[in-house]
1. From the list Pro31, Pro35, pick out the single residue that is at pLDDT below 90 and within 33 Å of the chain's Cα centre (by Cα).
2. Can we say Leu348 is among the aliphatic types (A, V, I, L, M), at pLDDT below 75 and out of contact with any Lys or Arg (no Cβ under 8 Å at 6 or more places or on another chain)?
3. Residue under question is Glu145, and the condition is that it be under 21 Å from Glu41 (Cβ atoms) and either buried (at least 18 other Cβ atoms within 10 Å of the Cβ) or in contact (Cβ under 8 Å) with a residue 12 or more places away in the chain (or both); does it hold?
4. Taking the residues in region 190-222 that are buried (at least 20 other Cβ atoms within 10 Å of the Cβ) and aromatic (Phe, Trp, Tyr) as candidates, determine which candidate is nearest to Asp274 (Cα to Cα).
5. For region 252-310, what are the residues that are farther than 29 Å from Ile232 by Cα, under 28 Å from the mean Cα position of the chain (by Cα) and of a type in the set (Lys, Arg)?
6. Looking at (1) surrounded by 21 or more Cβ atoms within 10 Å (Cβ to Cβ); (2) part of a loop (DSSP other than H, G, I, E, B), which is the only condition Ile110 fails?
7. Given the residues Asp83, Asp121, Asp91, Asp75, which is the only one that is more than 19 Å from Ile264 (Cα to Cα) and either surrounded by fewer than 21 Cβ atoms within 10 Å (Cβ to Cβ) or touching a His at 6+ places or on another chain (Cβ under 8 Å) (or both)?
8. Considering every residue within region 173-182, establish whether at least one is touching a residue at least 60 places away in the same chain (Cβ under 8 Å), crowded, with 22+ Cβ neighbours inside 10 Å, touching a helix residue (DSSP H, G or I) at 6+ places or on another chain (Cβ under 8 Å) and assigned to a strand (DSSP E or B).
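The values are calculated or read from the model by the stated rules, or taken from the named source; none is laboratory data. Owing to the predicted nature of the structure, the values given are computational and were not obtained by experimental measurement. No Cβ is skipped: glycine too gets one built from the backbone with ideal geometry, and neighbour counts run over all protein chains shown.
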Amino acid sequence: MYDKLYHNLPVSEALEEEEEVDLFDYYYDEPGSLPGTLNIEEDADPPSIVLIDYSETTATRVQLATPEACVPYLDSESVSWIDVQGLGSEDVLQRLGKVFHLHPLILEDIVNVPQRPKIEDYKDQLVIIAQMAMLNEQEDSFWIEQVSFVVGKHYLLTVQEEPEHDSFEPVRQRIRHNRGTIRKHGVDYLTYALLDGIIDGFFPILEVYGERIDQLEDEVVTNPTRKTLEKIYRIRRELLALRRCIWPQRETCSKLMRDISPLIRPDVQIYLRDCYDHTIQVIDIIETYRELTSGLMDVYLSSVSNKMNEIMKLLTVISSIFIPLTFIVGVYGMNFDHDASPLNMPELEWYFGYPACWALMIATASGLVYFFWRRGWFENVSSLKDE
């Protein structure tokens, strides 16, 4: 039955180029605005409501046309996962709030994105705000999207900003093919599985950033340029954005793991320890990468300074060789008249004066080159050729 009703969600074939988004914004209310005011963005996708209802023996997936269609599933004995994708209709969202009896402040946090990750207990409902990061393989970057959880006794409501991509597909496949023990547990285990998917979604992103940092290390040492500096700043900025996403979620996992809530059973709290451990691991990796990028900045400045020093040393060597030659030709370029006084440069009338002048300049230049070579200056200057 599940195979007939389950269909893959539509995936966009190509990603359009978008302007750079400020990764550090959080939503704030306009001064004097009423509590519970919803602000719908003009380019937001219209809501799509997908229901996955399952038990240990059966599982179905249906596309719901209206929020009111969720009512029969709210008190059923099976687990009902209502996934709302898109925030583009205030009417649908208001009706959704009435169906699930959401407090106006809950609905405000769900719709007015982005909010800081947090958890709030409303007696018969548990509200979790999380930030989901997904890898953008086309640009070696990532997307950030808010996901809101409303945990009830027999249902889980999730609200996403966009329908194009999320980190929940492995969980959907586990439900569909009855892999693992997910269909043997309740709503709290489903919440854990989705939170775990969100946190694990950070690891592929960090793997890409690790490779980028390795490449930058080679670039900084061999051929640092202005473009290298821009790359370092971009990575530092994006790592800081990832840190702002995952750091508050550590507190969320800690609260779910330690606080006693009738909606989270003790056996599921044990699984939440794994979420907490993964969160700490992600934070540690991010902090390590941030320290590496700070070190890359120091190495970049040192490499540029060393490169400049080598260039100045090369120019000093060339100048040191030509300064005595310039003195020699300057002296013999004054053209004093020997007939006026025997002291006025008698060398001007020598038969071999011109070859003698050349021999003196060659001997002087050769002597300086030999002196610099013995001091080891040319070994350092020759390293410029490798760059």
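1. On the way: Pro35 fails: within 33 Å of the chain's Cα centre (by Cα).
Result: Pro31 is the single residue among Pro31, Pro35 that is at pLDDT below 90 and within 33 Å of the chain's Cα centre (by Cα).
2. yes
3. So Glu145 passes the test.
4. So, considering only residues that are buried (at least 20 other Cβ atoms within 10 Å of the Cβ) and aromatic (Phe, Trp, Tyr), the one nearest to Asp274 (Cα to Cα) is Tyr192.
5. Lys255, Arg273
6. That leaves (2) as the condition not met.
7. Asp91 is the lone residue from the list that is more than 19 Å from Ile264 (Cα to Cα) and either surrounded by fewer than 21 Cβ atoms within 10 Å (Cβ to Cβ) or touching a His at 6+ places or on another chain (Cβ under 8 Å) (or both).
8. Within region 173-182, not a single residue is touching a residue at least 60 places away in the same chain (Cβ under 8 Å), crowded, with 22+ Cβ neighbours inside 10 Å, touching a helix residue (DSSP H, G or I) at 6+ places or on another chain (Cβ under 8 Å) and assigned to a strand (DSSP E or B).
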